[in-house]
Structures are given as structure tokens and as C-alpha cells.
Amino acid sequence: SHHPQVLTSTHHNMAKSRTKHQPSLSKSSSHSDKNPLITLYNEYLSKTSLKLKIIDAFLVYCFFTGIIQMLYVTLVGSFPKNSFLSGFILSVAMFVLGVALRKQTNRDERKDFPDILPERAYVDFVVAGILILLVAVNYMG
């Protein structure tokens, strides 16, 4: 009969301690708003146009494609060396072209490219991408 009271009082104390810590959780969530990474992410979501977000998604895709190819060569080997080189160089080249496209179509950086219209930047990206793809396919053999 003595043990149930101990369990009940322990359970009661745990419930009290939970209610004491709940306000501190809300303080920590408001403190996380001051985290520079969260602030940067929130500003990116609110201030970046959809076109730039799509270009950024393509850049992330190119980056991880290159990383996966490098990991594959490191772990498995590079038996068809031409295939690895053409695929990896294509990933790097498309990433560089994507960065150039992002810079040329970004409204905030228009002063750096006053003579290039965004439409021309897209055409340049597509034509250069097709040429690089043809070179990579030709190099593979």
C-alpha cells in the first residue's frame, strides 16, 4: 500500500515539472527566430522569385549529381574512365552555366549585365547546354 502513493506522488511531480517547462519551450522557439540560418532561409523564401528558386533547384541537382558520381568512382572505381569524365564534367559545366543564368536573370544584379535581357540569358543557357551535352556524349564514345 505504501508503493502506490510513491508512484502517484512521483507522477504528480512529473506533471508539475512538465507544466513548469512548457513556457520555456515557447521561449526557445522565439529564440530560434534569431538563428541566422533560419533568418536567411525565411528571407530567401519571401524575397526570392519563383524563377530564381527553380534555377537554384537545378543548381542543387547538378551539385548532387556531381557528388554522387564522385562517390561512385571513389567506392566502385572508374572502369569506363571516359564515361565518368564526361558525366562529371557535364555536371560541373551545367552548374557553372546555371550560376551564370542565375546572375543574368536576377533583378538585383541587372547592373552587372545591362546589355543582356533575361530572354537572351535563357537562350544562351539552352544553346550552351546543348553544345556541352553533345561534347560529353561524343567524348563518351
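The values are calculated or read from the model by the stated rules, or taken from the named source; none is laboratory data. All values derive from a computational prediction rather than experimental measurement. Counting neighbours? That spans all protein chains shown, and the Cβs are built from the backbone with ideal geometry, glycine included. Side chains included, ligands, DNA and RNA excluded: accessible areas come from the protein's heavy atoms. Shrake-Rupley method; radii C 1.70, N 1.55, O 1.52, S 1.80 Å.
Cβ-Cβ distance of Leu71 and Ile130, R₀ of 35 Å, FRET efficiency by 1/(1 + (r/R0)^6): the value works out to about 0.80.
Applying the Kirkwood pairwise sum to the alpha-carbon positions of the range 72-141 produces a hydrodynamic radius of 13.6 angstrom. When nucleic acids and ligands are ignored and a 1.4 Å probe is applied, Phe88 ends up with an accessible area of around 60 Å². With the simple model of a label 7 Å out from the Cα in the direction of the Cβ, Met140 to Leu40 spans 3.5 nm.
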